[in-house]
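Take a look at the structure set out below.
The values are calculated or read from the model by the stated rules, or taken from the named source; none is laboratory data. Worth saying up front: this structure is predicted, and the values here are computed from it rather than measured. Every residue, glycine among them, receives a Cβ derived from its backbone with ideal geometry; neighbour counts consider all protein chains shown.
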Amino acid sequence: MIHLKNSAQIAAMKDAGRITGEALLVARDMVRPGITTYEIDEAIRRYIEKCGAKPAFLGYGGFPGSACISINDEVIHGIPSKTRVLQEGDIVKIDTGATYRGYVGDSARTIPVGKVSETARKLIEVTRDSFWAGIEALQIGNRLGDVGAAIDGVVRQNGFSTVRRYVGHGIGTDMHESPDVPNYGTPGRGIRLCAGMVLAIEPMVNVGTFEVKELSDGWTVKTLDGQLSAHYENTVALTSEGVLILTEVEKGF
Ligand code: MG
Ligand code: MG
């Protein structure tokens with residue numbers, strides 16, 4: 001069952017979204033060669049708590065951090081660690097969430113560490129572009145398959161592949177609500193989009209195969225072929241006035 005949100009609930013979700021987006025800016029500004037993923041995670045936790053919110057990821061399903069921080073061929077769910085040090089040329093995915101007044105925000109970005117390869121730069125850009133193509137298709141009366149097809153279309157046009165095993169999701173008082181939001185699909189198929197839907201739309205895009213594997217730590221997901229992966233996610237609300245990007249606090253990021 002899909003929990004549609006009224007305007008008061010969406011207003012409350014704006015706060016959770018803003019805090020989540022600001023925590024990602026804090027993280028972005030720390031990214032440099034030599035820093036550990038633990039230090040970034042700690043800063044995110046402190047920022048969210050300073051705002052009077054709770055890190056939504058901390059303890060979720062037993063996850064030990066406030067952010068999932070995944071490097072290079074790690075797709076999602078990387079565990080922050082004092083022994084993971086960012087290196088020049090890496091790309092780092094930071095995915096975090098805040099719970100504020102009972103509502104959750106969820107957002108992710110992929111950030112280059114110093115100077116990165118041309119392929120890495122293009123992958124980050126295409127992943128972001130694919131999200132925005134999905135947003136263009138996110139219109140009342142369209143279907144979920146239109147959104148997924150738009151995302152996957154941009155990815156394929158650029159010679160990359162869309163992860164299928166993991167998908168976006170509805171979000172509200174729970175981080176993961178109905179429906180699933182695949183980053184691929186068939187135009188005209190899937191549930192019909194209507195006002196009050198709040199979704200986390202989150203393309204995960206690989207340079208090579210779309211296939212992934214989970215590591216023995218029970219969390220980290222990597223590309224099967226060891227090539228790079230990027231992630232871009234916002235929590236968005238579909239309203240009769242259009243789409244609100246709840247976790248976007250700086251245009252172009
Ligand atoms: Mg997320
Ligand atoms: Mg999510």
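Looking only at residues of region 186-236 that are more than 16 Å from ligand 1 (Cβ to nearest atom) and of a type in the set (Gly, Ala, Ser), we find that the one that is nearest to Arg18 (Cα to Cα) is Gly196. Apart from one condition, Leu4 fits all of (1) closer than 30 Å to Ile140 by Cβ; (2) away from ligand 2 (no atom under 16 Å from the Cβ); (3) assigned to a helix (DSSP H, G or I); the exception is (3). Between Asp180, Asp152, the distinction of being within 30 Å of Asp73 (Cβ to Cβ), crowded, with 23+ Cβ neighbours inside 10 Å and of a type outside the set (A, V, I, L, M, F, W, C) belongs to Asp152 only. Inside region 42-95, can you point out the residues that are in a helix (DSSP H, G or I) and either hydroxyl-bearing (Ser, Thr, Tyr) or without any contact (Cβ under 8 Å) to a residue 40 or more places away in the chain (or both)? Glu42, Ala43, Arg45, Arg46, Tyr47, Glu49, Lys50, Tyr60, Gly61, Gly62 - these are the residues of region 42-95 that are in a helix (DSSP H, G or I) and either hydroxyl-bearing (Ser, Thr, Tyr) or without any contact (Cβ under 8 Å) to a residue 40 or more places away in the chain (or both).
Out of the residues in region 27-41 that are in a helix (DSSP H, G or I) and hydroxyl-bearing (Ser, Thr, Tyr), state the one that is surrounded by the fewest Cβ atoms within 10 Å (Cβ to Cβ).
Let us first name the residues in region 27-41 that are in a helix (DSSP H, G or I), namely 27-30, 37-41.
With the extra rule that they be hydroxyl-bearing (Ser, Thr, Tyr), the set shrinks to 37-38.
On the way: Thr37: 25, Tyr38: 17.
Restricting to residues being in a helix (DSSP H, G or I) and hydroxyl-bearing (Ser, Thr, Tyr), the top hit is Tyr38.
Table: residues versus (1) in a helix (DSSP H, G or I); (2) without any contact (Cβ under 8 Å) to a residue 60 or more places away in the chain.
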residue	(1), (2)
Ile140	no, no
Ala149	yes, yes
Val155	yes, yes
Gly159	no, yes
Arg165	no, yes
Asp174	no, no
Pro179	no, no
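Entry remark, region 107-138: residues being outside any helix (DSSP H, G or I) and closer than 16 Å to Val31 by Cα number 9 in total.
Filter region 133-175 for residues that are of a type outside the set (Val, Ile, Thr), under 13 Å from the mean Cα position of the chain (by Cα) and farther than 20 Å from Glu211 by Cβ and give the result.
Of everything in region 133-175, those that are of a type outside the set (Val, Ile, Thr), under 13 Å from the mean Cα position of the chain (by Cα) and farther than 20 Å from Glu211 by Cβ turn out to be His169, Gly170, Met175.
Residues in region 187-218 that are under 21 Å from Leu246 (Cα atoms) and aliphatic (A, V, I, L, M) were compared, and the one that is farthest from ligand 2 (Cβ to nearest atom) is Ala195. If you check Ile111, Ile124, Ile94 for being within 16 Å of ligand 2 (Cβ to nearest atom), closer than 19 Å to Tyr232 by Cα and in contact with a strand residue (DSSP E or B) (Cβ under 7 Å, 6 or more places away or on another chain), only one passes: Ile94.
Checking each residue in region 157-184 for being within 15 Å of ligand 2 (Cβ to nearest atom) and of a type in the set (Phe, Trp, Tyr) picks out only Tyr166.
Val147 fulfils the conditions (1) aliphatic (A, V, I, L, M); (2) touching a helix residue (DSSP H, G or I) at 6+ places or on another chain (Cβ under 9 Å); (3) more than 16 Å from ligand 2 (Cβ to nearest atom) except for a single criterion, (3).
To keep it simple, each residue is scored yes or no on (1) at pLDDT 95 or above; (2) touching a Leu at 6+ places or on another chain (Cβ under 7 Å); (3) surrounded by 19 or more Cβ atoms within 10 Å (Cβ to Cβ).
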residue: Arg156; (1), (2), (3): yes, no, no
residue: Phe160; (1), (2), (3): yes, yes, yes
residue: Arg164; (1), (2), (3): yes, no, no
residue: Thr173; (1), (2), (3): yes, no, no
residue: Val212; (1), (2), (3): yes, yes, yes
residue: Ser229; (1), (2), (3): yes, no, yes
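Taking each residue of region 100-115 that is among the charged types (D, E, K, R) and looking for partners that are more than 16 Å from ligand 1 (Cβ to nearest atom) with beta-carbon atoms closer than 6 Å, six or more apart or interchain, yields Arg101/Ala12.
When Arg45, Arg32, Arg18 are checked against the criterion of being within 30 Å of Cys194 (Cβ to Cβ), at pLDDT 95 or above and among the charged types (D, E, K, R), a single residue qualifies: Arg18.
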